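Just below is one structure, and these are the notes that go with it.
Readers should treat all values here as calculations from the given coordinates under stated rules, not as data from a laboratory. This structure is a prediction, so every number in the text was calculated from the model and none was measured. All Cβ positions, even for glycine, are placed from backbone atoms using ideal geometry, and neighbour counts span all protein chains on display.
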Ligand code: 13P
Ligand code: SF4
C-alpha cells in the first residue's frame, strides 16, 4: 500500500505551543511509522487525557476521559485498538468490544487505585455489609469489576450512586472520590482506603499559596484529590469536565489540580488561557510512549486477554454503568 506523504508541518502546528521546535524531530520518525502502521493494520489509537501531547494530538484517533474512552471503545469498528493509557482502560475496552485485538503498549502501566483492592477484598466486604450494593470505580481490575454490582467513573459517580435507589452503598476503592461524592448526595457511602498516588499529593496549603501568588486564578480539582483540596477549589470534575470548563469559561488564568499532561493537552486548544502549574506526573501513564505504541503495532504486543469466567460479570458491571 502506498502511504500518503507524512504531514509533519501540519502535525507540528497542533503541538507547537507545548513542544519546542528543537524537540520535535525526535518524534517525527515514530509518528510517521505509527500513522502508516495504523493504516496497514486497520488500527485505532485511543488515548486518555493524561497522555503526552505528541501522542494525544499527533497519533490518537479517539481521546477523552475514562468514561468517554469506554463509550467510544464499544463503537470501534477497526480490527485493532491500541490503548494509550493504563491497563484497566485496556481491559475495559476489551470487555466492551471483545472481538477486537486490544493492545497495551506497556503491560506494567498500572494504577495505584487498581492495585489497592482485590476480588477477595470485595467478597469479604459483601460478608461484612450484606445486601449493600457495590459501586466500583473503573480504575480496578476486571476481577474486581466482576465482583461488583455496577461501575462508575469520576464523570458519573454521583449519578450511578443515586441510580440504585438505596440508602447505603459501598464505593470502592477510591476513598477520596467516595468522600467527595458523599458530600453531594444523601446516600450513605462506605469507603475503602485506596488513593490515587498522583492526586493524593495535592494539599490545601498548596492551593492557598497558588491563590496568593496568582490572584484571580481559577482552581479546578479532580475528584480523586482529597476532600480538603476539593473544598479549596472553585470547581471539581473529571478530566473531560475540566477540559470543557476551560473551553466554555475561558478563565484568564487556571490551574488544573491533576496530572501534568492534562494542562498541555488542553492548553493546545486555548491559547488565550494561561495554565499555572503545579501538577503531578503519573508514572503509569508515562510508561506509554510513541516508541512502544509503534512496537505494539509492529509486534502485536501486548495483547489484552480476560478469563471468560471473569469477563462476563465484569462486562455486566460496566454495561450497567453505561446504560445510565
Ligand atoms: P478521568 O479521566 O475519568 O477523570 O480519570 C482520571 C484518572 O485518573 C484516570 O486514571
Ligand atoms: Fe491511577 Fe492516578 Fe495514575 Fe489515574 S493518575 S492511572 S488514578 S495512579
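Distance between the 7 Å Cα→Cβ label points at residue 124 and residue 23: 4.3 nm. Per the Kirkwood formula applied to alpha carbons, the stretch 89-188 shows a radius of gyration over Rh ratio, Rg over Rh, of 0.99. The stretch 38-87 and the stretch 217-282 have Cα centres lying 22 Å from one another. Here the stretch 53-138 is described by how far its Cα atoms reach on the three principal axes: 48, 24, 19 Å, from widest to narrowest.
The equivalent ellipsoid that matches the C-alpha gyration tensor of the stretch 10-113 spans semi-axes of 24, 16, 12 angstrom, in descending order. Roughly how many nanometres apart are two label points built 7 Å out from the Cα toward the Cβ at residue 234 and residue 8? Using points 7 Å along Cα→Cβ, the separation is 4.1 nm. Once divided by 2.2 N^0.38 Å, the Cα radius of gyration of the stretch 229-292 becomes 1.17. Across all directions, the shadow cast by the convex hull of the chain built on its C-alpha atoms averages 16.7 square nanometres. Length gained on full extension, residue 77 to residue 42, computed as 0.36 nm times the residue gap minus the Cα-Cα distance: 11.7 nm.
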